[in-house]
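One structure is given here, and the rest of the page talks about it.
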Amino acid sequence: MLGNLKPQAPDKILALMGEFKADPRQGKIDLGVGVYKDATGHTPIMRAVLEAEKRMLATETTKTYAGLSGEPDFQKAMGEMILADGYKPETTAALATVGGTGAIRQALELARMANPDLRVFVSDPTWPNHISIMNFMGLPVVTYRYFDNDTRAVNFEAMVEDISTAKKGDVVLLHGCCHNPTGANLNIEQWAEVASILEKTGATPLIDLAYQGFGDGLEEDAAGTRLIASRIPEVLIAASCSKNFGIYRERTGCLLALCTDKATKDLAQGAMAFLNRQTYSFPPFHGAKIVATVLNDADLRADWMAELEEVRGGMLRLRTTLANELRDLSGSDRFGFIAEHRGMFSRLGASPEQVALMKQEFGIYMVGDSRLNIAGLNDETVPILARAIIEAGV
Ligand SMILES: Cc1ncc(COP(=O)(O)O)c(C=O)c1O
């Protein structure tokens with residue numbers, strides 16, 4: 001039976017990780033996979049996370065099953081972190097999931113349960129796994145124009161035109177902040193316009209919030225999501241704790257379904273618990289408990305926020321240094337967008353040949369669409385990358 005399986009194309013980003021590992025060159029630089037790394041190339045455990053784990057180890061007395069939808073302290077902490085005063089637990093269904101990916105998958109399953117004829121609008125480009133999951137589920141995907149390859153900024157006019165064709169019963173997937181793979185984001189006025197379009201069309205937003213705290217700050221990065229939540233009656237939010245808590249392998253995520261009334265919330269909550277039960281039954285506990293412990297303790301929370309700010313500030317500084325270096329080398333401002341982009345990624349706008357050349361000649365690994373992970377850089381490698389970009393003719 002299993003011999004009938006068709007070979008699956010490997011995930012391009014994960015394949016690139018393997019290629020990098022196998023490269024014997026000393027000075028190779030990994031700007032591929034979306035993982036935060038410090039200046040030494042290490043992905044550290046955050047201080048508050050370690051402390052939370054110590055406390056958990058000292059106090060936990062059982063490993064028996066916990067909540068099917070996650071624990072209430074985690075759900076509440078996530079609701080408040082994402083929505084602040086706009087979090088209304090009485091009308092918000094919440095689900096602990098297997099990472100942000102699990103939240104996206106369950107959000108799409110939920111939407112399809114509610115509307116079997118669902119179409120999903122996604123930005124062009126988007127995180128490739130979005131499309132892959134939707135294709136696997138057999139969901140019709142409609143792309144909306146998003147990124148202007150010339151300016152490397154959002155082509156908002158085109159985006160507006162395209163998402164205006166969505167209808168009630170469709171889902172419009174939006175990146176809450178730190179757009180992956182481009183690094184180009186909506187400003188708050190543009191979020192307001194998106195809200196107006198959603199009001200007009202009646203389409204349901206699904207906000208993928210995988211990088212809260214990595215762009216302009218913990219509160220600032222949630223501003224678009226909060227604005228949508230304040231104006232649109234039904235909103236789905238798929239949040240990941242992988243990046244902002246640095247707990248990638250703990251697989252911690254959360255799906256929020258904002259509803260208009262308590263009865264709908266109860267329906268959504270029941271359907272979401274059902275989806276967990278059918279997929280993997282109970283969601284992972286450990287990472288969610290870390291997050292709840294950190295967010296619900298004033299000292300741990302303050303320390304986590306301070307460390308998150310260090311991480312964010314470090315990436316911003318690298319962006320500015322790289323943009324300055326490229327300005328000096330190119331004698332132009334054409335790479336200024338790198339300092340304007342936010343989050344871990346920027347799409348450089350290099351051709352596949354130029355990306356391949358940077359890999360061959362300089363041992364610099366970035367995703368084939370020229371997405372580079374800013375956090376893969378440090379003060380020594382920024383000038384090497386800048387020189388490679390110029391020599392590759394970008
Ligand atoms: C845009 C986006 N959404 C969601 C995720 C999911 O993250 P995870 O499942 O690791 O929590 C990622 C991870 O790279 C991402 O880049």
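Tabulated data
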{"quantity": "Orientation-averaged projected area, Cα convex hull of the stretch 303-381 (nm²)", "calculated": "5.6 nm²"}
{"quantity": "The stretch 65-296: relative contact order as a whole-number percent, Cα under 8 Å and 6+ apart", "calculated": "31 percent"}
{"quantity": "Calculated over the stretch 120-175: convex hull of Cα atoms, volume per residue (Å³)", "calculated": "74 Å³"}
{"quantity": "Mean residue ellipticity (222 nm) of the chain, computed from DSSP H runs ≥ 4 via -39,500 (n - 2.57), nearest 500", "calculated": "-14500 deg cm²/dmol"}
{"quantity": "Rule-of-thumb Rg ratio for the stretch 157-247 [Cα; 2.2 N^0.38 Å; N residues]", "calculated": "1.05"}
{"quantity": "Magnitude of the charge dipole, the chain, Cβ model with Lys/Arg +1 and Asp/Glu -1, debye to 20", "calculated": "1040 debye"}
{"quantity": "Dipole magnitude of the stretch 65-296 about its Cα centre (Cβ charges: Lys, Arg +1; Asp, Glu -1), debye to nearest 20", "calculated": "760 debye"}
{"quantity": "Segment A356-N324, extension gain: residue separation times 0.36 nm, minus the distance between their alpha carbons", "calculated": "9.1 nm"}
{"quantity": "Summed side-chain charge close to H341 - residues other than H341 whose Cβ falls under 12 Å, Lys, Arg +1, Asp, Glu -1", "calculated": "+3"}
{"quantity": "Spin-label pair R334/T62, simplified geometry with 7 Å Cα→Cβ offset, distance in nm", "calculated": "6.5 nm"}
{"quantity": "Summed residue charge, Cβ within 13 Å of A392's Cβ, Lys/Arg positive, Asp/Glu negative", "calculated": "-1"}
{"quantity": "Whole-number percent relative contact order across the chain, with pairs defined as alpha carbons under 8 Å at least 6 apart", "calculated": "25 percent"}
{"quantity": "Stokes-Einstein D (µm²/s) once Rh is taken as the Kirkwood radius of the stretch 65-296 over alpha-carbon pairs, at 10 °C in 1.306 mPa s", "calculated": "91 µm²/s"}
{"quantity": "Computed label-point distance, nm, for sites R387 and T264 using a 7 Å Cα→Cβ extension", "calculated": "5.9 nm"}
{"quantity": "Shape box of the stretch 247-394 [Cα atoms, principal axes, largest first, Å]", "calculated": "61, 37, 30"}
{"quantity": "Estimated translational D of the chain in µm²/s (Stokes, Kirkwood radius over Cα pairs; 4 °C; 1.567 mPa s)", "calculated": "59 µm²/s"}
{"quantity": "The stretch 217-290: relative contact order as a whole-number percent, Cα under 8 Å and 6+ apart", "calculated": "25 percent"}
{"quantity": "Pairwise centroid distance, computed over Cα atoms, of the stretch 163-184 with the stretch 328-389, Å", "calculated": "25 Å"}
{"quantity": "Among T62, A222, S330 the positive-end extreme of the charge dipole of the chain (Cβ point charges)", "calculated": "T62"}
{"quantity": "Charge tally in the Cβ shell below 14 Å around A195, where Lys, Arg are +1 and Asp, Glu are -1, A195 excluded", "calculated": "-1"}
{"quantity": "Surface/4 of the Cα convex hull for the stretch 195-261, nm²", "calculated": "4.9 nm²"}
{"quantity": "Spatially proximal lysines relative to K265 (Cα-Cα < 25 Å; intrachain offsets below 8 disregarded)", "calculated": "K76, K88, K167, K168, K200, K289"}
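Read-outs: derived from the displayed coordinates by stated rules, not from any lab. Small disclaimer: the values here were computed from a predicted structure and weren't measured. Cβ coordinates were reconstructed from backbone atoms using ideal geometry, including for glycine residues, and neighbour counts include every protein chain displayed.
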